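Student: Structure incoming, see below.
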Amino acid sequence: MTTKYADTKLINADCMVAMQGIQRESIDLIFTSPPYNLGNPIKGNMFKSKAGERIEYNTHDDDLPYEEYVAWQREVLKICYSLIKEDGAIFYNHKPRIKNLVWDDRKNLIPFDIRQEIVWDTSCLFNYNGSFFV
């Protein structure tokens, strides 16, 4: 059976390795949701699981120094940008946070102009922290 999307290919791999084998300006859409660098957090009420379990990734430590994390994300996005077609798009799903009592929308991770921002309404608050209201 042939479908409208028969030529679609999904790649689930370490992006820095997988992107090396992709031709420049050949991708229509890149959708990525990177690790948020939360410091290897403990699961709690947000995850509705047993508190105390550590969130683990198979191959990634979610506790990079801040500057290293920013540089890594910017490099990933630069490579993504080189791979999309002129009319292509990158959907970069990242979580804003409060850092040092200041709202951080994470736009500092994006090394180029943003054409559009989409707000995903999940019907719940982002991670709650009492310092939000100080």
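The values are calculated or read from the model by the stated rules, or taken from the named source; none is laboratory data. The structure displayed is predicted, hence computed values, not measured ones. Here Cβ is always computed from backbone atoms with ideal geometry, including for glycine, and neighbour counts include all displayed protein chains. Keep in mind that these areas ignore ligands, DNA and RNA; they rest on the heavy atoms of the full protein, side chains included. Shrake-Rupley method; radii C 1.70, N 1.55, O 1.52, S 1.80 Å.
Student: Which order do VAL70, VAL17 take when ranked by solvent-accessible area (1.4 Å probe, heavy atoms of all protein chains), largest first?
Tutor: Descending order: VAL17, VAL70.
Student: Taking 30 Å as R0, compute the FRET efficiency from the Cβ-Cβ separation of ASN12 and TYR66 and round it to 0.05.
Tutor: Working from the Cβ atoms, E equals 0.65.
Student: Solvent-accessible area of LYS78, probe 1.4 Å, all protein chains present, reported in Å² to the nearest ten, please.
Tutor: Number for this one is 110 Å².
Student: Could you pull the accessible area for ARG74 with a 1.4 Å probe, rounded to 10 Å²?
Tutor: Surface accessible to solvent at ARG74 totals approximately 80 Å².
Student: Which value, in Å² and to the nearest 10, is the accessible area of PHE91 when all protein chains are kept and the probe is 1.4 Å?
Tutor: Accessible area of PHE91: about 80 Å².
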